[in-house]
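The block underneath contains the structure these notes are about, expressed in structure tokens.
The values are calculated or read from the model by the stated rules, or taken from the named source; none is laboratory data. The structure presented is a predicted model; accordingly, all values stated were derived computationally and were not measured. Cβ placement follows ideal geometry from the backbone for every residue including glycine, while neighbour counts extend to all protein chains displayed. Accessible surface areas use protein heavy atoms only, side chains included; no ligands, DNA or RNA. Shrake-Rupley method; radii C 1.70, N 1.55, O 1.52, S 1.80 Å.
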Amino acid sequence: MPLRIGTRGSALALWQTERVRACLDARGHATERIEIRTTGDVVSDVPLARIGSRALFTRQLDDALLEGRVDLAVHSLKDLPTTLPEGIAIAAVGLREDPRDALVSRGGIPWNSLPHGAVVATSSLRRRAQLLAARPDLTIDDIRGNVDTRLAKLDRSDRWAAIVLAVAGLARLGAEACISERLPLELMLPAPGQGALAATVRRDDAGAHAAAREAFHDRETALATGAERAVLRRLEGGCQVPVAAHARFMTENGGHRLELIGRVASLAGDAVVSGRRVGPADSPEEADALGIALADELLANGAAAILDAVRVAAASAPVPEP
């Protein structure tokens with residue numbers, strides 16, 4: 001019997017799922033693709049931060065897993081909540097593309113050449129906050145939709161100078177030519193887990209867990225993104241808060257250690273708290289501890305007040321879940 005793989009129906013989600021299916025096929029596992037619409041797909045005209053759920057792109061896939069309608073679900077790791085529903089586990093993490101964000105502008109204008117007062121569109125509070133921290137003169141508009149939808153909206157808009165998207169999504173869809181600039185980490189730190197794919201399974205399904213892990217799990221990617229997600233979990237974040245983190249393995253003093261950078265910025269960009277930790281991450285527990293230590297440092301240095309203000313602002317305009 002083939003492994004039934006649940007996925008969202010967007011072009012990017014389908015590409016990602018087919019990539020995972022190819023990895024499974026190479027290991028001799030037959031698969032079947034099952035498309036499922038999620039809250040984030042259904043509610044496409046409301047800013048992400050105003051939708052009252054952290055599992056915007058995962059809840060219906062979780063339900064399908066728990067009800068036995070699918071055996072495995074493929075996700076962009078950055079969309080997965082840091083605390084999963086009871087009975088569900090991440091079986092594999094890997095296939096990470098460039099985690100940076102991309103500026104896609106009219107005429108290919110780079111970041112430093114955007115005119116004063118330019119309008120940039122993004123659906124992410126994390127991107128909004130960091131854009132304004134670097135350029136308070138900018139006007140930030142909200143934009144929703146899949147990658148191809150957002151690119152089309154930019155083409156049609158007389159107002160927007162640029163939009164910001166993940167490099168990974170553009171690369172996977174063959175749209176790298178649209179990128180005007182890959183934004184440096186000093187300017188735009190990515191979302192935890194950005195660029196990586198993950199497969200979730202039922203905790204009691206040892207067969208699906210083993211198949212996914214054998215097919216595409218990458219130990220270093222899992223450890224690095226585990227540290228990033230620990231920062232987010234400690235800060236109690238999701239799509240509703242401007243939290244950024246990025247980890248990479250490096251050689252320091254002859255040892256293989258993980259460098260973890262985190263950032264929290266106010267929605268107006270007028271307050272930014274950043275931090276950096278380097279430490280061993282030879283196990284998920286060590287990676288988790290490194291992320292928690294960095295998050296605690298950020299909280300102690302002012303991130304708590306920033307996040308409290310963001311949550312108050314989000315609560316003032318609630319949108320009921322469908």
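Taken over the stretch 208-223, the criterion of being open to solvent by less than 50 Å² (accessible area, probe 1.4 Å) and either of a type in the set (D, E, K, R) or over 30 Å from Ala129 (Cα atoms) (or both) is satisfied by Ala208, Ala211, Ala212, Ala215, Phe216. Could you list, in sequence order, all residues of the stretch 224-236 that are out of contact with any strand residue (DSSP E or B) (no Cβ under 7 Å at 6 or more places or on another chain) and open to solvent by less than 50 Å² (accessible area, probe 1.4 Å)? Selection gives Gly226, Arg229, Ala230.
Arg257 satisfies every condition listed in (1) basic (Lys, Arg); (2) out of contact with any Pro (no Cβ under 7 Å at 6 or more places or on another chain); (3) over 30 Å from Gly6 (Cα atoms) except (2). Scanning the stretch 167-187 for residues that are surrounded by 15 or more Cβ atoms within 10 Å (Cβ to Cβ), more than 16 Å from Leu12 (Cβ to Cβ) and of a type in the set (A, V, I, L, M) gives Leu183, Leu185, Leu187. Taking the listed residues Thr225, Thr200, the one that is under 30 Å from Val70 (Cα atoms) and under 15 Å from the mean Cα position of the chain (by Cα) is Thr225, with no other qualifying. One residue stands out among those in the stretch 14-61 that are touching a strand residue (DSSP E or B) at 6+ places or on another chain (Cβ under 8 Å), part of a helix (DSSP H, G or I) and modelled with pLDDT under 95: the one that is farthest from Ala92 (Cα to Cα), which is Arg50. Scanning the stretch 139-166 for residues that are open to solvent by less than 30 Å² (accessible area, probe 1.4 Å), within 12 Å of Thr122 (Cα to Cα) and assigned to a loop (DSSP other than H, G, I, E, B) yields Ile143, Arg144, Gly145, Ala161. If you go through the stretch 80-108 and pick out every residue that is closer than 22 Å to Leu189 by Cβ and over 20 Å from the mean Cα position of the chain (by Cα), you end up with 1. Number of residues in the stretch 86-122 that are part of a strand (DSSP E or B), under 12 Å from Trp160 (Cα atoms) and either of a type in the set (D, E, K, R) or open to solvent by 20 Å² or more (accessible area, probe 1.4 Å) (or both): the value is 0.
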